[in-house]
Amino acid sequence: MGVAVLNFSIFAASQVGTPGPANMALLATGARYGLRAALPFVAGVALGKQLIIWPIGLGLMELAARAPWIFETLKWISAAYIIWLAWRVANMRLSVGEVSSAPGFFAGLIVHPLNPKAWAMITAGFTGFVEPGTPALQATATIAAILLASQALLHPIWTYGGEWIAATVAGTGAERYLMWTLAGLTVASVLFVLFAGGLS
């Protein structure tokens, strides 16, 4: 009994490190405000995933089996929210270190609970890497710790990547195209989750 720690760690790093709604939000926030100002938002994004992991690990999957419509509804609400964020990114212009405040911890905290990729990833973690009979608390704590470690390493990299991009293209003709590209990648990542299996 237990969790396949090495295999799940590789899976977690691949999921946390690849483009998705949360990473696009981190990239855009870093581009707009810089890594240092965005750190509370980064911390909120990282800890927000725990708000999904623990309920799923401690029994939410049973509710999903009994009332699948709840999760289907949540999936589409989440997708709509992320697409709305993408629209905001598309119309955003870069200015690292600008006077307006960067989004804070609580703004970051809701990103993953409203991120269909996060729900799909965590569900896959419990169903694909936890041996039958493993105590729920042990499995949940292990998955939570591995994902938090992956996020602590990779989320700041995405955010700094945004800051670096902004320093390169802010105020140039490429800026508008960059923001539309980031928005397009965000929408594409949501559509992939929705129509390639996702939460259904």
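State whether the residues of the stretch 69-82 include one that is charged (D, E, K, R) and at pLDDT 75 or above.
No, that holds for no residue.
Does any residue in the stretch 104-132 that is closer than 15 Å to Leu26 by Cβ come within less than 8 Å, Cβ to Cβ, of a residue that is modelled with pLDDT of 85 or more and among the aromatic types (Phe, Trp, Tyr) six or more places away or on a different chain, and which pairs are these?
Pairs that qualify, where the first residue is closer than 15 Å to Leu26 by Cβ and the partner is modelled with pLDDT of 85 or more and among the aromatic types (Phe, Trp, Tyr), are Gly104/Phe41; Phe105/Phe41; Ala107/Phe41; Gly108/Phe41.
Of the conditions (1) crowded, with 19+ Cβ neighbours inside 10 Å; (2) modelled with pLDDT under 90, Ala38 clears all except one; give me its number.
Among (1) crowded, with 19+ Cβ neighbours inside 10 Å; (2) modelled with pLDDT under 90, Ala38 violates only (2).
Could you tell me whether Ala43 is in contact (Cβ under 8 Å) with a residue 40 or more places away in the chain, within 17 Å of the chain's Cα centre (by Cα) and either assigned to a helix (DSSP H, G or I) or more than 17 Å from Gly128 (Cα to Cα) (or both)?
Answer is yes for this residue.
Would you check if Gly128 is closer than 13 Å to Ser9 by Cα and of a type outside the set (A, V, I, L, M)?
For Gly128, the condition - closer than 13 Å to Ser9 by Cα and of a type outside the set (A, V, I, L, M) - is met.
Please work out if Thr172 is touching a strand residue (DSSP E or B) at 6+ places or on another chain (Cβ under 7 Å) and either surrounded by 18 or more Cβ atoms within 10 Å (Cβ to Cβ) or not charged (D, E, K, R) (or both).
Spelling it out, it is not the case that Thr172 is touching a strand residue (DSSP E or B) at 6+ places or on another chain (Cβ under 7 Å) and either surrounded by 18 or more Cβ atoms within 10 Å (Cβ to Cβ) or not charged (D, E, K, R) (or both).
Within the stretch 136-179, can you find the residues that are modelled with pLDDT under 90, among the aliphatic types (A, V, I, L, M) and in a helix (DSSP H, G or I)?
Ala136, Leu137, Ala139, Ile165, Ala166, Ala167, Val169, Ala174, Leu178, Met179, listed by residue number.
Give just the number: which of (1) more than 20 Å from the chain's Cα centre (by Cα); (2) within 17 Å of Ala13 (Cα to Cα) does Ala166 not satisfy?
(2)
Could you please let me know if Ile143 is within 17 Å of Leu58 (Cα to Cα), among the β-branched types (Val, Ile, Thr) and touching a helix residue (DSSP H, G or I) at 6+ places or on another chain (Cβ under 7 Å)?
yes
So for the stretch 52-67 (the condition being at pLDDT 80 or above, over 17 Å from Gln15 (Cβ atoms) and under 19 Å from the mean Cα position of the chain (by Cα)), does at least one residue qualify?
Yes; the residues of the stretch 52-67 include at least one that is at pLDDT 80 or above, over 17 Å from Gln15 (Cβ atoms) and under 19 Å from the mean Cα position of the chain (by Cα).
The values are calculated or read from the model by the stated rules, or taken from the named source; none is laboratory data. Treat the numbers as computed from the prediction; the structure is a model and nothing was measured. Cβ coordinates were reconstructed from backbone atoms using ideal geometry, including for glycine residues, and neighbour counts include every protein chain displayed.
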